[in-house]
Amino acid sequence: MMRSKEPLSAYFSTPTESTDEPLCPLYDKVEFKDPDTSVYILHDDEFRNKSVSRLSKAIQIPTWIDDEGSDFTKFTKFHEYLETEFQNVFDAANVFKVNTYGIVLEFKGSNSSLKPAMFAAHQDTVPPGDPQNWDRSPFSGHYDGTRIYGRGASDCKNLLIGLLESMDYLLAKGFSPERTIIFAFGFDEESSGKYGASHISKFLLERYGPNSLYHIIDEGFGVFMELQNKHFAMLATGEKGYLDLGIEVLQPGGHSSMAPDHTAIGTMSKLISRYEDRLYDPILVNVNPTLNTLQCVAEYADIDESLKRDILRAHFDEKSNERVIKLLLDDKITKYNVLTTHAADIINGGNKANALPQNVTALINHRIAHGNDFDTIMDRITGIAIGVAREHGLGLVIEDEILIEPTLAGSINIKALYKLEVAPVTPIHDEIWASLAGHYRTFYEDITYPEKFEDDVLVLSAGIMTGNTDTRHYWDLTDHIFRGQPGFTPMTSGVHGNNEYIDADSHLHIVAFYYNYILSIS
Ligand SMILES: [Zn+2]
């Protein structure tokens, strides 16, 4: 793999020197107003059965969508279910159906000087795939005594139902908030949110104004995780960027017996192959939330001293930064936290054995790392395309700009089809962060796992989402966007794959945590 010759320090957004201040401070616990109810939710059999059944029934109503022309009318049945099962919640809220199937529930607070706090989830799921590959129907909602199975069980009907359950219970206990609480449920998160979250965002901007919300907490991983034998809670404070690049090779048609040296398919293949030959240079800038994850591990877990030193110096020392990057690249999951990726996902062209292909198209998907941007990608692909165009005597048009005049032999056209910048990174180490950290400490140390924390503490760390969520549409509403829900996400949980499941315990964490968290902040 080739590495950038430019010094990495050139990318540091805020070069700072080492100080004795912790990079991952431990915040005080926040006392719960009603800890007994969280304990009850976690341990009462009757509550558990009801909760499992509510989630199970939600899974039994298919709400999957695909990328094109989805039939959204199936959401009507899902709405009917929610409105019946959580009648008290819908009765207590101002209910807005945004663009027909988006659901916004507003629980109006008495103090309008407090910024509303929003919680988000999505109603849709990815398609089930081939049901043959599942042990049971993808819509069984089967509960085996430990886990609940089915499409959407962990992405993310668990969160949507969990939020409604916590509100149901709050209302049963006479909840009357000072701070307005908003639940927002999109319906096409799995295909970019253009009908759901993007309309919800416009609606909320009109209703509350820009930068008007206290925070938004959306889906993510279960926050509770173990890293290097130490327990952490991790909330994603950033998302990678995204770029779908469309490439088109146009060459004259004709009979295959009079073929040019390279057909449009050959040209496209060469272009993609050269592009794939080199990975993007890995990069770890200070704003990358992964750095905070590592700093928390370094400050609290028992790890090798030299590694610890490198991690704690990586934000100002180039050599340390390089060694930390190398470590991340060695792991097949963490490498994506510091790499802009490219994936040639779609290709079309050619239709007859004796006819030259005239129009070959391809789509290359990118996930952009912190520190890179659209230009990083356009510069790379342009450089490679110029080479291929010259070799094959073709023209080159990038984003409608003619770089090489199209010739009789044809041309290569490259265009960004869909793009999304790296998400603004949510600030941490402020009051909102301290509150989340304190609530999670109380919840896991005192209420959920007291036995695990006899002489241990739970540290909240920032983290990164390598995929995107509905929050891509919510940037203007607040700079405090978090992704992640109470609970744990085993690597085997089958998100987007077969036999998707959620542990019932993990689901109950959502209800038990948000019950007290919402009570506390409102
Ligand atoms: Zn999701």
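The values are calculated or read from the model by the stated rules, or taken from the named source; none is laboratory data. In this text, all values refer to a predicted model and were calculated from it rather than measured experimentally. Note that each Cβ is placed from the backbone with ideal geometry, even for glycine, and that neighbours are counted across all protein chains shown. Keep in mind that these areas ignore ligands, DNA and RNA; they rest on the heavy atoms of the full protein, side chains included. Shrake-Rupley method; radii C 1.70, N 1.55, O 1.52, S 1.80 Å.
Contact list please: Cβ distance under 7 Å, first residue in segment 188-206 and assigned by TED's automatic domain parsing to the domain that holds GLY467 and of a type in the set (Lys, Arg), second residue open to solvent by less than 10 Å² (accessible area, probe 1.4 Å) and within 16 Å of the ligand (Cβ to nearest atom), pairs at least six apart or on different chains.
Every condition considered, the pairs that remain are LYS194/ASP188.
I'd like the full set of residues that are under 17 Å from PRO210 (Cα atoms) and either open to solvent by 20 Å² or more (accessible area, probe 1.4 Å) or of a type in the set (Lys, Arg) (or both), limited to segment 455-476.
ARG472, HIS473, TRP475, ASP476
For the subset of segment 79-128 comprising residues that are within 16 Å of the ligand (Cβ to nearest atom) and small (Gly, Ala, Ser), which member is nearest to PRO177 (Cα to Cα)?
Residue satisfying both the conditions and the ranking: ALA120.
Being more than 16 Å from the ligand (Cβ to nearest atom) and open to solvent by 30 Å² or more (accessible area, probe 1.4 Å) is the filter here, so list the residues in segment 181-225 that pass it.
Of everything in segment 181-225, those that are more than 16 Å from the ligand (Cβ to nearest atom) and open to solvent by 30 Å² or more (accessible area, probe 1.4 Å) turn out to be HIS199, LYS202, PHE203, LEU205, GLU206, ARG207, TYR208, PRO210, ASN211, TYR214, MET225.
Can you give me the number of residues within segment 228-239 that are more than 16 Å from the ligand (Cβ to nearest atom) and open to solvent by less than 50 Å² (accessible area, probe 1.4 Å)? Steps first, please.
Going residue by residue through segment 228-239, those that are more than 16 Å from the ligand (Cβ to nearest atom) are 228-234, 237-238.
Now restrict to residues that are open to solvent by less than 50 Å² (accessible area, probe 1.4 Å): 230-234, 237-238.
The qualifying residues number 7.
Identify all residues within segment 494-512 that are within 16 Å of the ligand (Cβ to nearest atom) and either more than 26 Å from MET167 (Cα to Cα) or open to solvent by 20 Å² or more (accessible area, probe 1.4 Å) (or both); write none if there are none.
The first filter runs over segment 494-512 and keeps only residues within 16 Å of the ligand (Cβ to nearest atom), leaving 494-497, 500-502, 506-507, 510.
Passing the criteria: GLY494, VAL495, HIS496, GLY497.
This table checks each residue for (1) of a type in the set (Phe, Trp, Tyr); (2) surrounded by fewer than 21 Cβ atoms within 10 Å (Cβ to Cβ); (3) within 30 Å of VAL459 (Cα to Cα).
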residue	(1), (2), (3)
CYS24	no, no, yes
LYS33	no, yes, yes
VAL39	no, yes, yes
LEU42	no, yes, yes
ALA58	no, no, no
ILE61	no, yes, no
LEU105	no, no, no
PHE119	yes, no, yes
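Give just the number: which of (1) touching a residue at least 12 places away in the same chain (Cβ under 8 Å); (2) not assigned by TED's automatic domain parsing to the domain that holds GLN123 does GLU405 not satisfy?
For GLU405, the failing item is (1).
Looking at segment 112-136 only, could you name the residues that are under 24 Å from LEU160 (Cβ atoms) and of a type in the set (A, V, I, L, M, F, W, C)?
If the condition is that a residue be under 24 Å from LEU160 (Cβ atoms) and of a type in the set (A, V, I, L, M, F, W, C), then ALA117, MET118, PHE119, ALA120, ALA121, VAL126, TRP134 are the ones that fit.
Looking at segment 218-235, I want the residues that are not assigned by TED's automatic domain parsing to the domain that holds TYR474 and have a partner that is aliphatic (A, V, I, L, M) and modelled with pLDDT under 90 with Cβ atoms under 8 Å, at least 6 apart or on another chain. Which pairs are those?
Final answer for the pair search is none.
Going by the structure shown, is ILE364 in contact (Cβ under 8 Å) with a residue 60 or more places away in the chain, assigned to a strand (DSSP E or B) and surrounded by fewer than 20 Cβ atoms within 10 Å (Cβ to Cβ)?
Values: in contact (Cβ under 8 Å) with a residue 60 or more places away in the chain: yes; assigned to a strand (DSSP E or B): yes; surrounded by fewer than 20 Cβ atoms within 10 Å (Cβ to Cβ): no.
It is false that ILE364 is in contact (Cβ under 8 Å) with a residue 60 or more places away in the chain, assigned to a strand (DSSP E or B) and surrounded by fewer than 20 Cβ atoms within 10 Å (Cβ to Cβ).
Within segment 288-317, can you find the residues that are of a type in the set (A, V, I, L, M), in contact (Cβ under 8 Å) with a residue 24 or more places away in the chain and surrounded by fewer than 20 Cβ atoms within 10 Å (Cβ to Cβ)?
Result: ALA301, ILE303.
Return the pairs, sorted by first residue and then second, in which the second residue is polar (S, T, N, Q), the first residue lies in segment 76-92 and is assigned to a helix (DSSP H, G or I), the beta carbons are less than 8 Å apart, and the residues are 6+ apart or on different chains.
Pairs found: PHE78/THR63; PHE78/GLN123.
I'm told GLU454 meets every condition in (1) touching a residue at least 60 places away in the same chain (Cβ under 8 Å); (2) closer than 19 Å to HIS231 by Cβ; (3) not in a helix (DSSP H, G or I) except one. Can you identify the failing condition by its number?
(1)
Here are some conditions: (1) of a type outside the set (Gly, Ala, Ser); (2) crowded, with 21+ Cβ neighbours inside 10 Å; (3) modelled with pLDDT under 95. LYS452 meets all but one. Which one does it not meet?
Unmet condition: (2).
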